[in-house]
1. Could you give me the residue pairs with C-beta distances under 9 Å whose first residue belongs to the range 88-101 and is closer than 22 Å to residue 36 by Cα, whose second residue is assigned to a helix (DSSP H, G or I) and not aliphatic (A, V, I, L, M) wherever it lies, and which are 6+ apart or on separate chains?
2. If you check residue 75 against the conditions, is it part of a helix (DSSP H, G or I) and without any contact (Cβ under 8 Å) to a residue 12 or more places away in the chain?
3. Within the range 24-69, take every residue that is within 23 Å of residue 85 (Cα to Cα) and of a type in the set (S, T, N, Q) and give me the one that is farthest from the chain's Cα centre (by Cα).
Amino acid sequence: MESLDNPDPNGGSEPSEKREARQLQVLWREALRAMSLGWDLAIPIFGGVLLGNMLDRWLGTGHIFTLGLLMLGVMTAYYNLGRVIQRLRKADRARDNQRKKEKEEHE
């Protein structure tokens, strides 16, 4: 994951227009990741309810499959959320390690 406060990852100085374009690119990337998280949560839950409802109607079982697949969808959604959080934590640790290395090299 990139940071908006680090204009040039190579350590040089970028022209203002290029830096602004890079910051805009990073901003869009982060916005798309946030939107993706919403879909990662909504689709398993909605899909579970939809499939469960169809199975309940077809088999005449009341709401057994709807509730069961709703729970499965919620568990899947939280699993997806956990994966995203792990990815973000890993990227943060890598960025922190990189900053520490750069700081040590400059000292």
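1. Within 9 Å, the pairs are 88/33.
2. It is true that residue 75 is part of a helix (DSSP H, G or I) and without any contact (Cβ under 8 Å) to a residue 12 or more places away in the chain.
3. 25
Results for (1) among the basic types (Lys, Arg); (2) surrounded by 11 or more Cβ atoms within 10 Å (Cβ to Cβ); (3) modelled with pLDDT of 95 or more, shown as yes or no for each residue.
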position	(1), (2), (3)
55	no, yes, yes
58	no, no, yes
69	no, yes, yes
75	no, yes, yes
81	no, yes, no
91	no, yes, no
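The values are calculated or read from the model by the stated rules, or taken from the named source; none is laboratory data. All values reported here derive from a predicted model rather than from experimental measurement. Ideal geometry is used to build each Cβ from the backbone, glycine not excepted, and the neighbour counts take in all protein chains shown.
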